[in-house]
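To start, the structure under review is shown below, and the notes come after it.
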Amino acid sequence: MKRTEWFKRTFPLIDDNGTLPAIIERLSGTPIRLETMLSQLPSSVLIHKPDGKWSIQEESGHLADMEPLWYGRLEDLLNGAHELRVADLTNQTTHNANHNAAAVEKILQHFRQQRKKLVDKLSALPDESLNNTALHPRLKTPMRIADLAYFVAEHDDHHLAGIRALI
């Protein structure tokens, strides 16, 4: 089954803030899902780059590399920014990180720590902040906190599906 490319995806707006706890639960589960997927794989499989594309380990590292952007965008929403900060659409952080040279356990631990920070912040938000909006710079769509959380969860699953295909 062919996956839709990330930059061709569209995202529905979340009109019910009451769905945010379930989205947060999904976000909090991503590190363990990733760890479970990778736990029995030998290093040779983890660092294999099929057709010059990212390896499983690089895909995993990319998830950790994105956490500062997600946290920053949450801060943008909380601080009343009109537009969310821009992502590096070339993914230079991931390309330059040399994730294949790192121990996969370190990549997974870093992702787990970074994701906990995001989940903890989301979980502690006051209700009055949930309707803050800012424009997503690429999609040109206004997003609220639930929309951002959903977007991140979809990004997680996009990469987990890619890793599953590589396995």
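Every read-out reported here was derived from the displayed coordinates using simple, explicitly stated rules and does not represent laboratory data. These figures come from a predicted structure and were not determined experimentally. All Cβ positions, even for glycine, are placed from backbone atoms using ideal geometry, and neighbour counts span all protein chains on display.
Points worth noting:
- Modelled spin-label separation between THR93 and GLN109, with each label point placed 7 Å from Cα along the Cα-to-Cβ direction: 2.0 nm.
- Candidate lysines - alpha carbon under 29 Å from LYS106, same-chain residues fewer than 8 apart omitted: LYS49, LYS53, LYS116, LYS117, LYS121
- Fluctuation leader among PHE111, PHE11, PHE151 - the chain, Gaussian network, Cα springs under 10 angstrom: PHE11
- The order of VAL45, VAL119, VAL104, VAL152, going from fewest to most other C-beta atoms within 10 Å of their C-beta, is VAL45, VAL119, VAL104, VAL152.
- With the simple model of a label 7 Å out from the Cα in the direction of the Cβ, THR36 to ASN131 spans 3.8 nm.
- Global form of the chain, assessed from the alpha-carbon gyration tensor, a/c cut-off 1.5: prolate
- Max mean-square fluctuation residue, GNM over the chain, Cα-Cα springs under 10 Å, options SER44, SER123, SER60: SER44
- Where labels lie 7 Å past Cα in the beta-carbon direction, separation of MET1 and SER123 in nm: 3.1 nm
- The residues packed around GLU75, meaning those with a beta-carbon under 12 Å from its beta-carbon, carry a net charge of +3 if Lys and Arg are +1 and Asp and Glu are -1.
- Residues ARG9 and HIS48, FRET efficiency given R0 of 35 Å [Cβ-Cβ distance, rounded to 0.05]: 0.85
- The chain, helix-only ellipticity at 222 nm - DSSP H runs n ≥ 4, -39,500 (n - 2.57), divided by all residues, nearest 500: -18500 deg cm²/dmol
- Among ALA149, ALA64, ALA97, residue whose mean-square fluctuation peaks in a GNM of the chain (springs only between Cα atoms under 10 Å): ALA97
- The ranking of MET143, MET1, MET37 by Cβ neighbour count inside 10 Å, starting from the fewest, reads MET1, MET37, MET143.
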